[in-house]
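Beneath this line is the structure, given in structure tokens, with notes to follow.
Values in this text are rule-based calculations from the coordinates and carry no lab data. Keep in mind that what you see is a predicted model, and the values were worked out from it rather than measured. Quick reminder, even Gly has a Cβ in these numbers, built from the backbone with ideal geometry, and neighbours come from all protein chains shown.
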Amino acid sequence: MKIVECVPNFSEGRRKEVIDALADAIKSVEGVRLLDIEFDPDHNRSVFTFIGEPQKVKEAALRAADVAVEKIDLTQHEGAHPRMGAVDVVPFIPLHGTTIGECIEVSKQFAEEYSSKHDVPVYLYAESATRIDRRELPNIRQGEFEGLREMIGAEPEKNPDYGPNKIHPTAGATATGARHFLIAFNCNLNTTNVEVAKTCANAVRATTGGFVYVQGIGLDLPEKGMTQVSLNLIHPKRTKIHQVLEVVRNEARRFGATVVETEIVGMIPLFAILDAFEYYVQPEKLDEEMILDLHYLGGGEGPEEKEFSEMSLIEFADQVRRARATPGGGSVAAAMGSFGGALVCMVTGLSLSGRKFAAIREEMLEHRHACENDRGVLMGLVEEDSDAFDKVMTAYKMPEDTVKQKEEKEAAIESATIHAAEIPLQTMRHSFNALEHAKIAADKGNINAITDAGCAAHALMAAIEGAALNVRINLGNIKDKSFVKKASEEVERIISEGKKMKEDILELVEQRMKELEEG
């Protein structure tokens, strides 16, 4: 199952009835789990965390946005936290079975649907950003609602990615995008001097010489009689909570202040808790196997209880080698396609930074994002192929003691077999899409990664041909001649065009390898 997290921030942290209405909107989508709600009257801001399948999560975000536009008026809004919209920011984060590319697509869909319905300008940020200066949210939000009200429509660099070229009179503007998991971590200081909090933020923030993966600001919390260092740890596996906390403490101490409490806004992964525990408690040994709760709350499962996308390479190969029908060739073909797509993402990703790639950066970014989506779909097809085969076997086991049962069984077998043919056909389609991106990477991408583009071509064509075998074996058992004819023609077309594409890519690889050899 594909699981995406969404953590929208709304400009309301004081009116409980509005916060409840936002929560109800999110919970109204079946299959979406609302995990956490954080709201703060000083910030006048609320943060919701919910998870589910990508399209359902998008729908929940849209329903909550409907409520926010109706009930939040930024002309009447005041708070310590910077804001530009009633729906201020809507990030989508891949958690399980999904890629950043798939979340980029979801964020674009959200932006298009939300802006069309409410006439709110929407900016793409983080991994979805269409311009390098929009990757960081503060760059987009600069001037906040009041400033953007004057700038949008007057300054070309403030033109939104979606929606009207003017601010919404009460709902402002919104940012959405795909990003990786971050930890929102706040340190509250026992001083009312906000300059101390700002100095502490400067000490740890990347843009002012601190940690590479930290964003932060200093804020006033008048209701608490404190100030706050509000931080985002955007890569918590590399920059850990305790590292940032100790620097903030040392910096505050210079001014006679201390960190009297900290806050986690939203959710936090177990590894971050264990990192902090290990640092401060210094146990001789500590790992997840020692956490009792994980053993009776679903932890400690063996490889056979995991989905294929959760397994290590060794575990997945062990599953394939068993004397059982699944996972079989169809799943392996999808996995090969996913790995081939990953190589394309690698080559295009290595063709983004530096002056020599400036002319192709936007093109490489476009192909990287598109191939990330194909890679994610292929990853999901690894599981779906095995599930499709199991459904065919289930249909064959249905009873046939009566005429009606025989008819039902025959219909179920036909339906399941068509589905079993469609899954590897999808593998062929998305592998071919990735092959097209591989050609661009081979032609224009970083020459130092040219062999990786060639390896991608081999993997993707192998995925196409392997999946084709699985389509054909199922077509032989399908009675719907129209479907068989259409699918057969598509199989032949993709194989034919794929072989030509692979040859073109390998020719480009050979040419550019010679360039490297000749210096």
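Observations on the structure shown:
- The range 3-178, Cα convex hull volume normalised per residue, Å³: 92
- Placing +1 on the Cβ of every Lys and Arg and -1 on the Cβ of every Asp and Glu, with nothing else charged, gives the range 3-178 a dipole about its Cα centre of roughly 80 debye.
- Helix 270-281 vs. the chain, principal-axis angle (Cα, 0 to 90°, nearest 10): 50
- Kirkwood hydrodynamic radius of the chain, from inverse mean 1/r over distinct Cα pairs, in Å: 25.7
- Sparse-neighbour loop sites [GluC sites (Glu not before Pro); the range 329-412; at most 15 other C-beta within 10 Å; DSSP]: Glu400
- Neighbour-limited loop hits for GluC sites (Glu not before Pro), the range 422-519 (at most 15 other Cβ within 10 Å; DSSP other than H, G, I, E, B): none
- Amide proton proximity set for Asp36, modelled H, under 5 Å, gap of 5+: Thr49
- Cα-based radius of gyration of the range 330-400 once divided by 2.2 N^0.38 Å, which approximates compact folds: 1.66
- 222 nm mean residue ellipticity, helices alone, for the chain (DSSP H n ≥ 4; -39,500 (n - 2.57); rounded to 500): -18000 deg cm²/dmol
- Spatial separation of Cα centroids for the range 256-290 and the range 109-137, in angstrom: 34
- Degrees, to the nearest 10: 403-444 long Cα axis against longest axis of the chain: 70
- Taking all Cα-Cα distances within the range 400-519, those exceeding 23 Å account for 45%.
- With the simple spin-label model, which puts each label point 7 Å out from Cα in the Cβ direction, the Glu363 to Thr130 separation comes to 1.9 nm.
- Loop-located trypsin sites (Lys or Arg not before Pro) across the range 461-497 with a Cβ neighbour count of 13 or fewer within 10 Å are Lys479, with loop assigned by DSSP.
- Note on the range 314-350 and the range 88-107: Cα centroid distance 22 Å, given to the nearest whole angstrom.
- Cβ-defined net charge surrounding Gln76, 13 Å radius [Lys, Arg +1; Asp, Glu -1]: 0
- Order by protection proxy (mean Cβ within 10 Å, highest first), peptides 309-321, 348-360, 230-242, 80-92: 80-92, 230-242, 348-360, 309-321
- For the pair Met513 and Glu146 in one chain, pulling the backbone fully straight at 0.36 nm per residue adds 126.7 nm over the alpha carbon distance.
- Structural size metrics of the range 97-235, computed from C-alpha coordinates, are Rg and Dmax of 16.9, 46 Å.
- Extended-chain gain in nm, criterion 0.36 nm per residue less alpha-carbon gap, Asp293 and Thr207: 27.0 nm
- Each Lys or Arg adds one and each Asp or Glu takes one away; over the other residues whose Cβ falls under 11 Å from the Cβ of Arg14, this sums to -3.
- For Glu510, neighbours were defined as the other residues whose beta-carbon sits under 12 Å from its Cβ, and their charges (Lys and Arg +1, Asp and Glu -1) total -3.
- Over 23 Å (Cα to Cα) - which of Lys444/Lys499; Lys404/Lys485; Lys58/Lys306; Lys356/Lys444 fall in this group: Lys404/Lys485; Lys58/Lys306
- Evaluating 6.51 cos²θ - 1.76 cosθ + 1.60 at θ = phi - 60° for every residue in the range 377-394, the Karplus couplings come out as 4, 4, 4, x, 5, 4, 6, 5, 5, 5, 4, 5, 5, 4, 5, 5, 4, 5 Hz, glycine and proline recorded as x.
- From the largest down, the range 183-272 spans 32, 26, 17 angstrom on the principal axes of its Cα atoms.
- Point-charge dipole on Cβ atoms (K/R +1, D/E -1) for the chain, about Cα centre, debye to 20: 720
- Span from the the range 359-396 Cα centroid across to the the range 444-484 one, whole angstrom: 12
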